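Worksheet for the structure shown next.
The values are calculated or read from the model by the stated rules, or taken from the named source; none is laboratory data. Just so you know, these numbers come straight off a predicted model, no measurement behind them. Neighbour counts are summed over all protein chains in view; Cβ atoms, including those assigned to glycine, are modelled from backbone coordinates with ideal geometry.
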Amino acid sequence: MGFAKEFKEFAMRGSVIDLAVGVVIGGAFNGIVKSLVDDIITPAVLTPALKAAHLADLAQLVIPGTAIKYGNFISQILSFIIVALVLFMVIKAINRMKKKEEETASATPEPSNQEKLLIEIRDALKK
């Protein structure tokens, strides 16, 4: 089998395409999380702390005399926590839906009277 043919089979495999879609959606989700942290959480939660430090933005938190911007690091930690929380909630909801589907699928219905009678006849014939 030629290299090109093997690569084509690999690239067209469903899991690779699913992964590519996940990466693209993840990139778009990153923008949403960044906006949530920068535009909503930071102003709402951290505004008093930033005002006390005489800063307008979390990115302005730096160690004096260095290029170390620990404010950006704090922002990235907040972003990670939000992404992890959202993913946890989504996976928990998916697992809850799967569990409900499994419960409904595994619940075998009660046999009808006709089926019960046929089972009794079958068991009597076996004896």
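Output the residues belonging to segment 28-69 that are in contact with a Leu (Cβ under 9 Å, 6 or more places away or on another chain) and part of a loop (DSSP other than H, G, I, E, B). The answer is Ala53, Leu55, Ala56, Asp57, Leu61, Lys69. Of everything listed in (1) over 28 Å from Gly26 (Cβ atoms); (2) acidic (Asp, Glu); (3) modelled with pLDDT of 80 or more, the single unmet condition for Asp39 is (1). Here the condition is being touching a Leu at 6+ places or on another chain (Cβ under 9 Å), at pLDDT 80 or above and surrounded by 10 or more Cβ atoms within 10 Å (Cβ to Cβ); of Ile74, Ile94, Ile81, it holds for Ile74 alone. Whenever a residue of segment 113-127 is hydrophobic (A, V, I, L, M, F, W, C), its partners that are not in a helix (DSSP H, G or I), lying with C-beta atoms within less than 9 angstrom and at least six residues away or across chains, give the pairs Leu118/Pro111; Ile119/Pro111. Answer yes if at least one residue in segment 62-79 is among the hydroxyl-bearing types (Ser, Thr, Tyr) and under 20 Å from the mean Cα position of the chain (by Cα), and no otherwise. Within segment 62-79, one or more residues are among the hydroxyl-bearing types (Ser, Thr, Tyr) and under 20 Å from the mean Cα position of the chain (by Cα).
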